[in-house]
Amino acid sequence: MNESRDSTDTQPKTVRVGMVDDHQSPVWGIERILERQDDIDLLGSAPTVTELLAAVSDLDVVILDLRLNDGTTPRENVNRLAEHGIVTVVYTSGEHPDLLRSAARAGTLAVVLKSASEDEILAAIRAAASGQEVLTTEWAAAIDGDPNLEAVDLSPQLQRVLTLYASGGTSASVGNELGVAPDTVNEYLKRIRQKYADAGRPTRTKLDLFKRAVEDGWLPVPHRSRGD
């Protein structure tokens with residue numbers, strides 16, 4: 001009986017995987033790759049993190065597309081999954097280094113190109129499931145190309161002020177949203193600007209604030225219109 005118990009205990013654990021992508025083709029590709037693996041199960045997919053967690057939350061790894069139509073940032077999604085004890089493998093075409101940096105700052109364990117080989121994808125999933133980082137050349141290039149890698153540390157309240165104001169709000173509208181006076185919002189904005197100035201990243205204008213919010217993953221990279 002002891003031998004039987006030891007044999008069971010040493011069997012490799014099946015990695016429970018979910019996928020978030022709002023295009024079906026990448027999901028089909030991952031399904032095809034994983035269906036032949038005895039140690040990895042794809043338990044579900046959804047176009048947003050919210051929908052995936054509503055359908056299945058007992059996951060080890062989520063394969064996450066960087067640019068989703070719901071407007072969430074990679075940073076938000078990686079952090080939210082981490083709150084559920086789920087690690088992230090970013091699955092990307094690689095054309096948005098700002099989004100890669102956002103995910104990296106949030107602690108994603110791997111970045112894999114959608115053009116990567118099956119072996120590379122499987123290796124990344126298995127490594128992430130065991131808590132190992134997978135440093136690809138694409139990830140390194142995105143980080144090395146960013147002179148402002150260290151994101152400015154903002155409290156949750158300052159984050160909300162920055163995102164609301166940089167998205168087009170006024171001191172009055174932001175104050176109304178947060179339940180504080182406009183003068184308080186202006187004080188928050190002074191703190192935010194000072195933090196960025198101290199980091200060598202000045203924010204003299206509202207556009208500068210928007211750029212910093214995108215760079216640091218507080219706001220998503222804006223989509224181009226079809227006419228651009």
Using each residue's phi in region 163-178, evaluate 6.51 cos²θ - 1.76 cosθ + 1.60 at θ = phi - 60° and report the 3J(HN,Hα) Karplus result to the nearest Hz, with x for Gly and Pro. 5, 5, 5, 5, 7, x, x, 10, 4, 5, 5, 5, x, 5, 5, 9
Which shape class, rounded, prolate or oblate, goes with region 156-215 when its Cα gyration tensor gives a ≥ b ≥ c as root eigenvalues, a/c under 1.5 marks rounded, and past that a/b bigger than b/c marks prolate? prolate
Extreme residue, positive dipole direction of region 156-215, given options 186, 209, 173 (C-beta unit charges): 209
For residue 89, enumerate residues with amide H under 5 Å from its amide H, sequence gap 5+ or separate chain, H modeled in the peptide plane. 62, 63, 64
Could you list 80, 32 in order of exposure, starting from the residue whose Cβ has the fewest other Cβ atoms within 10 Å? 32, 80
Return a whole-number percent for the relative contact order of region 10-88, with Cα pairs under 8 Å and 6 or more residues apart as the contact set. 34
With each label point set 7 Å from Cα along the Cα-Cβ vector, what nm distance links residue 57 and residue 133? 2.9
Need the full-extension length gain, residue 114 to residue 69, defined as separation in residues times 0.36 nm minus the C-alpha distance. One decimal, nm. 14.4 nm
Taking R0 as 25 Å, what FRET efficiency do you get between residue 43 and residue 23 from their Cβ-Cβ distance, rounded to the nearest 0.05? 0.80
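Just so you know, all these numbers are worked out from the coordinates, no wet-lab data involved. Keep in mind the model is a prediction, meaning the values are calculated, not measured. Positions of Cβ are backbone-derived with ideal geometry, glycine not excepted, and every protein chain shown enters the neighbour counts.
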